[in-house]
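Bear in mind that the values in this text are calculations on the coordinates, not laboratory data. Every value quoted in this text rests on a predicted model; they were computed, and no experiment measured them. Neighbour counts are summed over all protein chains in view; Cβ atoms, including those assigned to glycine, are modelled from backbone coordinates with ideal geometry.
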């Protein structure tokens with residue numbers, strides 16, 4: 001018993017130290033990369049509102065589900081979705097073992113650098129290329145190839161590994177929400193197996209909280225008796241647009257109270273989140289910063305923001321103006337003179 | 001500062017009380033409904049092994065993923081899967097508003113009690129009935145109908161609500177695993193939306209940790225401008241047999257280290273779990289208790305245990321003999337003289 005009391009006193013002292021540290025922390029800004037303004041205030045007001053025990057808008061921790069689009073919301077999506085860049089790099093490196101591609105579209109056009117023919121095939125051509133590169137292998141081999149690519153590929157403008165192009169203000173927001181009892185999920189049109197390789201390190205979001213598009217996988221017992229999952233060239237689920245509420249329903253099974261997107265592909269996710277009872281937060285990242293990142297919206301082929309923007313304005317959702325609201329865009333800005341153009 | 005010290009001393013005392021309570025708890029059996037024997041010992045040995053910090057088999061908490069089949073593993077599945085019972089009850093109660101069913105198979109046979117004709121249609125007939133009953137409604141209406149049914153339906157043998165027919169030893173096992181840092185998931189052939197309605201209360205497993213079969217849902221904006229998800233009569237994913245490793249890969253994205261099933265439909269999930277590196281636990285519930293529950297295995301139409309049993313014996317997996325290993329099967333046994341027959 002004496003040792004128990006001693007131990008409890010030691011713990012008591014630790015608690016004292018912890019309480020002081022906590023008080024100090026409470027006085028620091030949880031969102032230092034956000035400029036003070038309406039967007040930041042709307043986030044902090046909402047979090048205070050739903051976490052105030054006994055308050056009229058209190059939400060139990062289990063129901064504090066926050067969902068985030070990935071491309072253009074948590075990391076950069078220009079000049080092409082990074083997963084496409086990965087697919088195209090894979091096709092190039094696999095071309096030597098696929099001589100038939102030299103005679104077969106859209107591979108022929110892509111390998112010959114024939115942009116006009118490739119463009120004529122539209123998005124379908126691009127998808128065909130990427131699907132060819134990432135099927136017929138096990139899920140383990142695919143995860144390894146994603147990690148290998150991230151280790152050597154570099155963004156054409158920023159000359160950095162793609163997974164360094166995550167938005168520092170959003171990383172802070174994710175951390176802030178989790179510190180307030182939220183469970184944070186990615187709900188992205190991107191491939192679920194692509195994102196899981198790097199999402200935990202980049203965002204602190206574990207694999208089981210990543211919802212995305214997927215291809216069919218097939219269970220097989222290999223020649224060595226070891227079971228594998230083979231990736232087939234067959235789409236299983238597209239987690240985009242109206243698919244996002246379906247994905248949320250299927251993977252999470254609760255309606256989020258907090259949703260952040262950046263394009264028309266997120267509109268239904270925002271509508272679905274907004275339609276629940278009680279306090280709700282709906283946010284949109286508006287890319288307004290050609291100097292530090294990119295500026296695009298209604299006319300963009302990638303990350304088009306048109307109808308969702310109109311709805312956001314009409315319904316009073318939070319629209320983040322990247323140029324004005326973000327003090328820092330990428331963490332690497334702090335230690336450098338900015339990206340090369 | 002004085003108030004901070006006072007507060008920390010109060011917390012210190014609370015910690016003292018907590019430490020004593022914890023020590024007392026550590027001396028009680030975490031699995032009181034399990035008889036002492038090889039099955040119980042294999043579970044407790046494994047948990048000690050993977051949670052001993054610095055030990056050769058230590059597994060970080062984030063990787064402590066445990067997956068459980070539901071029907072026949074966590075709750076009873078006889079005389080028919082409970083979800084089928086629900087589907088058939090729904091068809092009966094909907095028959096008045098579907099006069100066309102009186103002329104249309106398999107509805108006609110079912111409504112007329114014509115078991116021979118119905119049996120001749122096989123499982124497909126049954127699936128058609130259930131799909132008809134549970135599509136063409138919103139996900140919210142469906143969840144309400146599940147809850148309503150559970151509130152009034154009763155099991156034909158035990159005369160209890162279906163969601164009371166959960167196995168007490170498995171509920172204790174789930175709690176024990178979570179207390180040791182495991183994240184517990186259901187991976188079931190049953191419908192994901194059916195299970196989520198009652199799984200959290202029954203097992204302490206939240207909606208986002210339930211993996212199951214699903215139908216396609218479609219996002220629509222209703223006439224009142226409110227978005228809904230409609231359940232379509234189209235299968236999206238069957239989370240059974242070889243589908244279970246695919247479901248685990250897609251929903252969880254990590255390979256489990258602990259898996260429990262009861263039938264051949266769980267064999268691939270067990271193989272997939274077993275194939276990872278390091279310590280693994282593989283368990284099978286063998287239904288050997290006709291007195292307290294049911295006795296069935298190789299010849300059963302529901303929950304057939306044949307190939308998975310052979311593999312379990314060959315590879316030294318833990319096979320739970322319900323009659324011998326479980327002191328209690330259902331929680332209600334304790335307070336009653338047993339179920340009516």
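For the Cα atoms of chain A, what angle does the longest principal axis make with the long axis of helix A:38-51, in degrees from 0 to 90, nearest 10?
Roughly 60 degrees, rounded to the nearest 10.
For chain B, what does the alpha-carbon gyration tensor say about shape, rounded, prolate or oblate, given a ≥ b ≥ c as the root eigenvalues, a/c under 1.5 as rounded, and a/b over b/c as prolate?
Values: a/c = 1.81, a/b = 1.47, b/c = 1.23.
Since a/c reaches 1.5 and a/b is larger than b/c, the shape of chain B is classed as prolate.
Say a label goes 7 Å from Cα toward Cβ at residue B:321 in every copy; what distances in nm does this one have to the rest, shortest first?
For residue B:321, the other copies' label points sit at 7.6 nm, shortest first.
Find the Rg to Rh ratio for the stretch B:15-147, where Rh is the Kirkwood radius over alpha-carbon pairs and Rg uses the same atoms. Each step should come with its number before you reach the end.
On the way: Rg = 24.3 Å, Rh = 19.8 Å.
With Rh from the inverse mean 1/r over Cα pairs, Rg/Rh is 1.23.
Quick one: grab the alpha carbon gyration tensor of the stretch A:168-211, order the square roots of its eigenvalues as a ≥ b ≥ c, and give me rounded if a/c is under 1.5, else prolate or oblate depending on whether a/b is larger than b/c.
Details: a/c = 2.09, a/b = 1.74, b/c = 1.20.
Prolate.
Test of understanding: in a Gaussian network model of chain B with alpha carbons linked when under 10 Å, which of B:103, B:271, B:209 would top the mean-square fluctuation ranking?
For chain B, modelled as a Gaussian network with Cα springs under 10 Å, the answer is B:103.
Per-residue ellipticity at 222 nm for the protein assembly as shown, helices alone: DSSP H runs ≥ 4 residues times -39500 (n - 2.57), over residue total, nearest 500 deg cm²/dmol? Could the numbers behind the result be given before it?
Numbers: 26 runs with 282 residues, N = 682.
Only helices count here, giving -12500 deg cm²/dmol.
Take every residue in peptide A:250-259, count the Cβ atoms of other chains within 10 Å of its Cβ, and give the average of those counts. Working shown, then result.
Values: counts 14, 8, 5, 15, 4, 2, 0, 0, 0, 0.
The mean count of partner-chain Cβ atoms within 10 Å per residue comes to 5.
Taking the label point 7 Å from Cα in the Cβ direction, how far apart in nm is residue B:277 from each other copy of itself, listed shortest first?
Spelled out, the distances from residue B:277's label point are 5.0 nm.
Can you tell me, using C-alpha contacts under 8 Å and at least 6 residues apart, the relative contact order of the stretch A:82-137 as a whole percent? Let's see the in-between values first.
On the way: 35 pairs, mean separation 25.9, N = 56.
About 46 percent, as a whole number.
Label the stretch A:82-137 by shape, choosing from rounded, prolate and oblate, from the square roots a ≥ b ≥ c of the eigenvalues of the Cα gyration tensor; if a/c is under 1.5 it is rounded, and otherwise prolate applies when a/b is larger than b/c, oblate when it is not. Write down the numbers at each step before the final one.
On the way: a/c = 1.66, a/b = 1.15, b/c = 1.45.
It is oblate, given that a/c is not under 1.5 and a/b is not larger than b/c.
Suppose R0 equals 45 Å; then what is the FRET efficiency for residue B:226 and residue B:57 from their Cβ-Cβ distance, rounded to the nearest 0.05? Intermediate results must be reported in sequence, preceding the final value.
Working: r = 52 Å, r/R0 = 1.15.
So the FRET efficiency works out to roughly 0.30.
Once you place label points 7 Å from the Cα toward the Cβ at residue B:36 and residue B:236, how far apart are they in nm?
In this crude label model, residue B:36 to residue B:236 measures out at 4.9 nm.
If you take the Cα atoms of the stretch A:205-341, find Rg, then find the Kirkwood Rh from the mean of 1/r over all pairs, what is Rg/Rh?
1.08
Hey, with R₀ at 22 Å, roughly what FRET efficiency would residue A:327 and residue A:45 work out to, going by the Cβ-Cβ distance, to 0.05?
On the way: r = 19 Å, r/R0 = 0.88.
My answer for the efficiency is 0.70.
Hey, rough spin-label estimate for residue B:313 and residue B:175, points 7 angstrom out along Cα→Cβ, what's it come to in nanometres?
3.5
Pick from B:68, B:281, B:58: which residue has the top mean-square fluctuation in a GNM of chain B where Cα pairs under 10 Å get a spring?
B:58
What is the spread of the Cα atoms of the protein assembly as shown along each of their three principal axes, largest first, in whole Å?
If we take the Cα atoms of the protein assembly as shown, the spans are 78, 76, 57 Å.
Starting with the fewest neighbours, write out A:260, A:84, A:185 ranked by other beta-carbon atoms found within 10 Å of each beta-carbon.
Numbers: A:260 29, A:84 18, A:185 24.
Starting with the residue having the fewest Cβ neighbours, the order is A:84, A:185, A:260.
What do you get for the angle between helix B:168-179 and the principal long axis of chain B? Use alpha-carbon atoms, 0 to 90 degrees, nearest ten.
Around 50 degrees separate the two axes.
Taking the label point as lying 7 angstrom from Cα along the Cα-to-Cβ axis, what are the distances from residue A:295 to the corresponding position in the remaining copies, in ascending order and in nanometres?
Result for residue A:295, in nm, nearest copy first: 8.0.
Working from Cα positions, state the angle (0 to 90°, nearest 10) between the long axis of helix B:139-152 and the longest principal axis of chain B.
Around 80 degrees separate the two axes.
Please give the Cα centre distance for the stretch B:281-301 versus the stretch B:172-222, rounded to the nearest Å.
23
GNM, chain A, Cα, under 10 Å: largest mean-square fluctuation among A:31, A:126, A:74?
Maximum fluctuation in the GNM of chain A, among the listed residues, is at A:126.
Other chains' Cβ within 10 Å of B:262-274 residues: what's the mean?
What the average comes to for B:262-274 is 1.
Order of A:44-51, A:316-323 by packing, highest average Cβ count within 10 Å first? Let's see the in-between values first.
Numbers: A:44-51: 17.1, A:316-323: 19.0.
So the peptides A:44-51, A:316-323, ranked by packing, come out A:316-323, A:44-51.
Relative contact order (percent) for chain B, with alpha-carbon contacts under 8 angstrom and 6 or more residues of separation?
Working: 520 pairs, mean separation 74.4, N = 341.
Dividing the mean separation by the residue count of chain B yields 22 percent.
Before anything else, pin down the relative contact order of the stretch A:126-274: Cα pairs under 8 Å, at least 6 apart, normalised by residue count, whole percent.
21
Could you check the spin-label model distance between residue B:29 and residue B:302? Points 7 Å from the Cα along Cα→Cβ, value in nm.
Each label point lies 7 Å from its Cα, and together they span 3.0 nm.
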